[in-house]
1. Over segment 203-256, give the accessible area per residue in Å² for a 1.4 Å probe, as an integer.
2. Of Lys85/Lys218; Lys145/Lys189; Lys166/Lys248; Lys173/Lys256; Lys62/Lys218; Lys166/Lys256, which ones are farther than 23 Å apart at the Cα?
3. Ranked highest first by average number of other Cβ atoms within 10 Å, how do 130-138, 99-107 line up?
4. Please report the net charge: other residues with Cβ closer than 9 Å to the Cβ of Ser95, K and R +1, D and E -1.
5. Give me a comma-separated list of calculated 3J(HN,Hα) values for segment 107-119, in order, Karplus coefficients 6.51, -1.76, 1.60 applied at θ = phi - 60°, integers in Hz, x for any Gly or Pro.
6. For segment 170-225, what's the relative contact order in percent, using C-alpha pairs closer than 8 Å and at least 6 residues apart?
7. Estimate the FRET efficiency between Thr224 and Lys85 by the formula 1/(1 + (r/R0)^6), using the beta-carbon distance for r and 30 Å for R0, to the nearest 0.05.
8. May I ask you to compute the full-extension gain from Asn244 to Ser194, defined as 0.36 nm times their residue separation minus their alpha-carbon distance, rounded to one decimal in nm?
Amino acid sequence: MRLLKQFLYGFFYLAILVSLIWLVYSFEFKPAPNCFDGKKNQEETGIDCGGSCISCEVQGLKPLSAGSAEFFGDDRVFSAVAEVKNLNADYGTKSFGYEVNFYDSSGRLLISKRGSDFIYSGENKNIIEAGIGITNGIPDRAEIKLINPGDIKWDNKKDFFADIPKLENISAKIENNQIVVSGYVMNGKSLEFSRAIVSAFAVDNAGRRVGVSKTESKIGPFGTWNFNIFIPINKDAIKNIDLNATVKSAVIEALK
């Protein structure tokens with residue numbers, strides 16, 4: 001009987017000690033609920049989303065993806081293009097980063113360039129890096145990859161202006177062994193476009209893309225932008241260029 005009492009007293013004191021340790025841990029050491037603890041707490045509507053955390057809609061967005069790159073070159077000047085896909089119908093981003101790498105036939109990295117772009121909701125668009133001079137080797141392939149696609153800040157499609165400026169009076173000509181695509185953009189709105197990007201492909205008579213380039217500017221309220229796109233192209237391809245198809249390839253994207 002005495003042994004049983006000692007056991008019960010010991011168990012009682014142990015329970016008190018465990019309770020005190022738990023209380024100290026809960027108030028002093030246990031992390032406060034947050035948006036990254038894998039739990040549905042602090043008025044969240046889902047696990048780590050809703051309430052004071054990121055909306056569950058944004059949390060469930062699909063990341064951007066970039067396809068394989070195509071590259072063009074003439075002598076020592078090269079360009080690369082790859083398609084980026086945004087599968088989110090209601091969200092785009094006003095800024096994402098990318099990296100363009102050119103490699104020789106042995107896999108050696110010849111040059112690397114970084115840039116940034118934007119993409120509309122539900123859009124497939126081309127990332128273009130053009131006119132890159134390479135003197136330390138001959139590129140065999142190009143790669144375009146996204147930088148930290150999981151860290152992108154998403155914007156609702158309502159934050160993008162749907163009625164962007166249009167391309168006007170577009171023409172194309174061959175000049176100094178390159179293709180020059182010209183025209184103008186007129187902003188008929190009272191708002192400013194912080195980035196307007198016009199791009200075009202050089203297209204041959206067989207409908208093949210044989211070169212690419214782009215140009216970029218800011219357009220103020222009711223402003224006009226006269227642009228020229230200089231597309232470097234292989235000398236052997238110039239005689240087969242379809243200027244009409246080249247003109248039709250020109251597109252504009254703008255960000256307010």
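The values are calculated or read from the model by the stated rules, or taken from the named source; none is laboratory data. Just so it is clear, the model here is predicted, and its values are computed rather than measured. All Cβ positions, even for glycine, are placed from backbone atoms using ideal geometry, and neighbour counts span all protein chains on display. With ligands, DNA and RNA removed, areas are computed over all heavy atoms of the protein, side chains included. Shrake-Rupley method; radii C 1.70, N 1.55, O 1.52, S 1.80 Å.
1. Solvent-accessible surface per residue comes out at 53 Å².
2. Result: Lys85/Lys218; Lys145/Lys189; Lys173/Lys256; Lys62/Lys218 exceed 23 Å.
3. Numbers: 130-138: 14.0, 99-107: 15.6.
Going from most to least packed, we get 99-107, 130-138.
4. Working: positive: Lys94, Lys153; negative: Asp117.
Summing Lys/Arg as +1 and Asp/Glu as -1 gives +1.
5. x, 6, 6, 8, 7, 9, 10, 10, x, 9, 8, 10, 8
6. Here the relative contact order equals 37 percent.
7. Numbers: r = 33 Å, r/R0 = 1.09.
Efficiency, rounded to the nearest 0.05: 0.35.
8. Numbers: separation 50, 0.36 × 50 = 18.00 nm, distance 2.99 nm.
Extra length available between Asn244 and Ser194 comes to 15.0 nm.
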